[in-house]
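One structure below.
The values are calculated or read from the model by the stated rules, or taken from the named source; none is laboratory data. All values reported here derive from a predicted model rather than from experimental measurement. Note: ideal-geometry Cβ built from the backbone for every residue, glycine included; neighbour counts use all protein chains shown. Accessible surface is based on the protein model in full, side chains and every heavy atom, while ligands, DNA and RNA are left aside. Shrake-Rupley method; radii C 1.70, N 1.55, O 1.52, S 1.80 Å.
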Amino acid sequence: MNYQSDEKGYYGTFGGAFIPEMMQQNISQLQSCYIEIIESDSFKEEFKTLLSDYAGRPSPLYYSDRLSDHYKAHIYLKREDLNHTGSHKINNTIGQILLAKRLGKTRIIAETGAGQHGVATATVCARAGLECIVYMGAVDVARQSPNVEKMKMLGAEVRPVQSGSKTLKDATNEAIRDWINNPVDTHYIIGSVVGPHPYPDMVARFQSVISEEIRIQLKEKTGRETPDYVIACVGGGSNAAGSFYHFLNNPEVKLIAVEAGGKGVDTGESAATTQLGRPGILHGSRSLLMQTADGQVIEPYSISAGLDYPGIGPMHANLFKTHRAQFLSATDDQALKAALYLSQKEGIIPALESAHALAALEMIEFKPDDVVVVNVSGRGDKDMETFLKYFQSVK
Amino acid sequence: MENRITSLLHQKGENILSIYFTAGYPELNDTKRIIEELERCGADLIEIGMPFSDPVADGPVIQHSSEVALSNGMTINLLFEQLKEIRKTVSVPLILMGYLNPVMQFGIEEFCLKCKETGIDGTIIPDLPLEVYQEEYKEIFEKYSLSNIFLITPQTPEQRIRMIDLLSNGFIYMVSSSSTTGVKESGDNEQIAYFERIRSMNLRSKQLIGFGISDKASFERAAQYASGAIIGSAFVTALAGEMPIEHKVNAFMLKFLKTSII
Ligand SMILES: Cc1ncc(COP(=O)(O)O)c(C=O)c1O
């Protein structure tokens, strides 16, 4: 079975490019040239060099003795938290800034939830000498303030978004509006595998370095290239897409996607899209979407700003529909507990988003010789305030 | 295909005044009264907005009206209910404008059927791409005599404009500049060059110019280059406030007419 998109950007029945005419020129330009550009030798060379020398790749694949002991399986952590800027987001922004340069764009816009994508975008813009504007929901500006300060220090302008639920969805709306109003000089660096074709496929390709490395590193460490499980959290789904990418056609590898359960899937305060959503169209693609009976988008909830999104990328909607991936959800509490556990057992403070993936270790019955890779998509520095509040409340 | 839009374009080739408003704003049940008053005051064509939670092609004014309309309880179902008897009192062409997701959830064929039953003549669905319309929806729309209206912008290449022209069976919605709704029309040289470029293409479909048309002056400027123009945000702005809804509509429309109707 083919889990990649076709030339029109469809993953099965999901994907496509449902965009207003005002975005048509930019999107069709990207559609017609992205493969040629990013598969060219010069691009690949530059991308690879920056990933290693600038972002610090390959990120380690770390065997966790103590988690392995506890969960009675062989647990490896893919350390995307050790990348420059603290998450997997840098993989995509390096790729897209090189693309933007080749397209002759001089102004970069981005949306951000947790601020990790905003920081990663501001970072590559600083290096490339391009103007950078980041849209961020006002709620997220408040709960991820260290990242807001970083973006400013890096020279980016952060525009707080006051519409809707004031989180990631609304920041994305505002970035799209900016692009409509600035179609000529601007490139929009989308931060996940969402948006109109070719973004989902393009971002997945840039993130696929994660699973490319996992295969090589596993082979070195265990003699086998494929694990039994790959576990990743899903907001829009870019770190999961990157972690799954080179295993999609290895059916023996179980792919586990972990969504944000919020306060519980049935509480009305959740972001577990596959459980709560139906097929629908948002931000330019057809995917699963949390929505009311008459097609209005439901405002999601998660303690983690990066997972607080009412949709998922079309690739994941298709993986869900075809049962290629299994979708679980972790609540706020489960994620916080998992973050604390990893911190105290391994000395690694994970991002709240990544903590959702770690929480899934509690939910799966492993066999003793199972090889399990958990993608630690980012580090928890940005979440210290949330963590502290939680620990005070449980003490 | 014949409907009220095609007849209007046939009968009145110039200075067509089209007005947009968001259904359910400012009050849930203003819809019918706004339409009736608009017709009475001389609107040639009326675009009824179906509010959506995430209107990415819209500026702050229509974002706000959509938000209010939704919190008032507006739905497509209710809109059809409100418009059930509209053809007893109103004869100008009516167009429903909105984003694809709510329409898709309603069901495309069901939606088109309801439009036909209600006396709706056309649709504007900005995020329904030409290609998808052509492949999946065209037949259904035509079966119910609905004109789907496509947008062009200053960025749209000539070849695509020609394609849109061939697919159109109403007018072409000419977006005045590269922008979301409600951004002020500039009237600068670049914009005039774009208007002239489109005019010189001699398209088979007539064009109405929209986005940023806010008053009589900008209407008249635009109307020189097309068959007329569309006013949205400026009208929606005029609907705020405490006066009876008919007064607000009337006061706004007076600005576009030489003599008062009242
Ligand atoms: C560390 C981290 N992990 C995961 C995510 C979720 O995004 P995605 O699902 O695209 O990987 C974010 C988003 O901000 C993040 O910062």
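Working only within the range B:142-171, note down all residues that are away from chain A (no Cβ under 13 Å) and not in a strand (DSSP E or B).
Residues satisfying the conditions are B:GLU142, B:LYS143, B:TYR144, B:SER145, B:LEU146, B:ARG162, B:ASP165, B:LEU166, B:ASN169, B:GLY170, B:PHE171.
If you check A:GLN296, A:GLN275, A:GLN291, which single one turns out to be within 20 Å of B:PRO51 (Cβ to Cβ) and in contact with a Gly (Cβ under 9 Å, 6 or more places away or on another chain)?
Of A:GLN296, A:GLN275, A:GLN291, the one residue that is within 20 Å of B:PRO51 (Cβ to Cβ) and in contact with a Gly (Cβ under 9 Å, 6 or more places away or on another chain) is A:GLN291.
For the range B:26-34, state whether one or more residues are assigned to a helix (DSSP H, G or I) and within 14 Å of chain A (Cβ to nearest Cβ).
no
Is there any pair with a first residue in the range A:109-123 that is within 14 Å of chain B (Cβ to nearest Cβ) and a second that is open to solvent by 10 Å² or more (accessible area, probe 1.4 Å) and near the ligand (Cβ under 9 Å from one of its atoms) whose Cβ atoms are under 7 Å apart and which are 6 or more apart or on different chains, and what are they?
Pairs that qualify, where the first residue is within 14 Å of chain B (Cβ to nearest Cβ) and the partner is open to solvent by 10 Å² or more (accessible area, probe 1.4 Å) and near the ligand (Cβ under 9 Å from one of its atoms), are A:GLU111/A:LEU168.
Find all pairs meeting these conditions: Cβ atoms under 6 angstrom apart; at least six residues apart or on different chains; first residue within the range B:100-119 and under 19 Å from B:THR31 (Cα atoms); second residue of a type in the set (Lys, Arg).
B:GLY119/B:ARG87
Do we find that A:LYS150 is open to solvent by less than 10 Å² (accessible area, probe 1.4 Å), outside the structural domain of A:HIS246 (by TED's automatic domain parsing) and among the basic types (Lys, Arg) in this structure?
So A:LYS150 does not fit the description; no.
On the basis of being modelled with pLDDT of 95 or more, of a type in the set (A, V, I, L, M) and open to solvent by 10 Å² or more (accessible area, probe 1.4 Å), does B:MET50 make the cut?
Considered against the rule, which asks whether it is modelled with pLDDT of 95 or more, of a type in the set (A, V, I, L, M) and open to solvent by 10 Å² or more (accessible area, probe 1.4 Å), B:MET50 comes out as yes.
Can you pull out every residue in the range A:302-317 that is outside any loop (DSSP other than H, G, I, E, B) and open to solvent by 10 Å² or more (accessible area, probe 1.4 Å)?
The answer is A:GLY306, and nothing else.
Right, A:GLY268: open to solvent by 10 Å² or more (accessible area, probe 1.4 Å), away from the ligand (no atom under 13 Å from the Cβ) and within 14 Å of chain B (Cβ to nearest Cβ) or not?
For A:GLY268, the condition - open to solvent by 10 Å² or more (accessible area, probe 1.4 Å), away from the ligand (no atom under 13 Å from the Cβ) and within 14 Å of chain B (Cβ to nearest Cβ) - is not met.
Can you tell me which residue in the range B:97-122 is nearest to A:GLY295 (Cα to Cα), limited to those that are within 16 Å of the chain's Cα centre (by Cα), away from chain A (no Cβ under 14 Å) and crowded, with 22+ Cβ neighbours inside 10 Å?
B:CYS115
What residue, among those in the range A:15-42 that are acidic (Asp, Glu) and loosely packed, with under 14 Cβ neighbours inside 10 Å, is nearest to the other protein chains (Cβ to nearest Cβ)?
My answer is A:GLU36.
With the requirement that a residue be under 15 Å from A:ASN181 (Cβ atoms) and in contact (Cβ under 8 Å) with a residue 60 or more places away in the chain, what does the range B:167-208 give you?
B:SER179, B:THR180, B:THR181, B:GLY182, B:VAL183
Scan the range B:184-201 and give yes if some residue there is crowded, with 19+ Cβ neighbours inside 10 Å, under 21 Å from B:GLY49 (Cβ atoms) and touching an Asp or Glu at 6+ places or on another chain (Cβ under 7 Å), otherwise no.
Taking every residue of the range B:184-201 in turn, none turns out to be crowded, with 19+ Cβ neighbours inside 10 Å, under 21 Å from B:GLY49 (Cβ atoms) and touching an Asp or Glu at 6+ places or on another chain (Cβ under 7 Å).
Could you identify the single residue in B:LEU70, B:LEU83, B:LEU79 that is open to solvent by less than 10 Å² (accessible area, probe 1.4 Å), within 14 Å of chain A (Cβ to nearest Cβ) and over 25 Å from B:SER176 (Cβ atoms)?
Just one listed residue meets the conditions, B:LEU79.
Please list, ordered by first then second residue, the pairs with beta carbon atoms under 9 Å, 6 or more apart or interchain, first in the range A:342-359 and within 14 Å of chain B (Cβ to nearest Cβ) and near the ligand (Cβ under 9 Å from one of its atoms), second open to solvent by 10 Å² or more (accessible area, probe 1.4 Å) and modelled with pLDDT under 95.
none
Out of the range A:280-296, which residues are more than 8 Å from chain B (Cβ to nearest Cβ), assigned to a strand (DSSP E or B) and not charged (D, E, K, R)?
Passing the criteria: A:SER285, A:SER287, A:LEU288.
Out of (1) more than 14 Å from the ligand (Cβ to nearest atom); (2) free of Cβ contacts under 8 Å to residues at least 60 places away in the same chain, what's the single condition that is false for A:VAL372?
Answer for A:VAL372: the failing condition is (2).
From the list A:GLU299, A:GLU220, A:GLU212, exactly one residue is open to solvent by 10 Å² or more (accessible area, probe 1.4 Å), more than 16 Å from the ligand (Cβ to nearest atom), assigned by TED's automatic domain parsing to the domain that holds A:MET363 and part of a loop (DSSP other than H, G, I, E, B). Which is it?
Just one listed residue meets the conditions, A:GLU299.
Hey, A:TYR309 hits all of (1) among the aromatic types (Phe, Trp, Tyr); (2) away from every other protein chain (no Cβ under 14 Å); (3) within 16 Å of the ligand (Cβ to nearest atom) but one; which does it fall short on?
(2) is the only condition that A:TYR309 fails.
Just one of (1) surrounded by 23 or more Cβ atoms within 10 Å (Cβ to Cβ); (2) in a loop (DSSP other than H, G, I, E, B) trips up A:VAL230, so point out which.
Single failed check for A:VAL230: (2).
Quick one: count up the residues across the range B:35-63 that are charged (D, E, K, R) and within 14 Å of chain A (Cβ to nearest Cβ).
The number of residues fulfilling the criteria is 2.
Looking only at the range A:89-113, count every residue that is open to solvent by 10 Å² or more (accessible area, probe 1.4 Å) and farther than 25 Å from A:ASP41 by Cβ and tell me the total.
4
Within the bounds of the range A:223-238, is there any residue that is over 17 Å from A:SER304 (Cβ atoms), within 10 Å of the ligand (Cβ to nearest atom) and not small (Gly, Ala, Ser)?
The answer is no; no qualifying residue exists.
Residue-wise test of (1) more than 18 Å from A:ALA240 (Cα to Cα); (2) within 16 Å of the ligand (Cβ to nearest atom); (3) of a type in the set (Ser, Thr, Tyr).
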{"site": "A:TYR34", "(1), (2), (3)": "yes, no, yes"}
{"site": "A:LYS48", "(1), (2), (3)": "yes, no, no"}
{"site": "A:LEU61", "(1), (2), (3)": "no, no, no"}
{"site": "A:SER68", "(1), (2), (3)": "yes, no, yes"}
{"site": "A:LEU98", "(1), (2), (3)": "yes, no, no"}
{"site": "A:THR121", "(1), (2), (3)": "yes, yes, yes"}
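Run down A:VAL139, A:VAL193, A:VAL203 and say which single residue is open to solvent by 50 Å² or more (accessible area, probe 1.4 Å), in contact (Cβ under 8 Å) with a residue 12 or more places away in the chain and either more than 30 Å from B:PHE211 (Cβ to Cβ) or under 19 Å from the mean Cα position of the chain (by Cα) (or both).
Sole residue among the options that is open to solvent by 50 Å² or more (accessible area, probe 1.4 Å), in contact (Cβ under 8 Å) with a residue 12 or more places away in the chain and either more than 30 Å from B:PHE211 (Cβ to Cβ) or under 19 Å from the mean Cα position of the chain (by Cα) (or both): A:VAL139.
With the requirement that a residue be within 20 Å of B:MET97 (Cβ to Cβ) and out of contact with any Ser or Thr (no Cβ under 9 Å at 6 or more places or on another chain), what does the range B:155-166 give you?
B:THR156
Considering only residues of the range A:157-169 that are more than 21 Å from the chain's Cα centre (by Cα) and either closer than 16 Å to A:LYS382 by Cα or assigned to a loop (DSSP other than H, G, I, E, B) (or both), which is modelled with the highest pLDDT?
A:GLN162
Given the conditions (1) surrounded by 22 or more Cβ atoms within 10 Å (Cβ to Cβ); (2) more than 23 Å from A:PRO300 (Cβ to Cβ); (3) more than 11 Å from the ligand (Cβ to nearest atom), report the number of the one that A:ILE176 does not fulfil.
(2)
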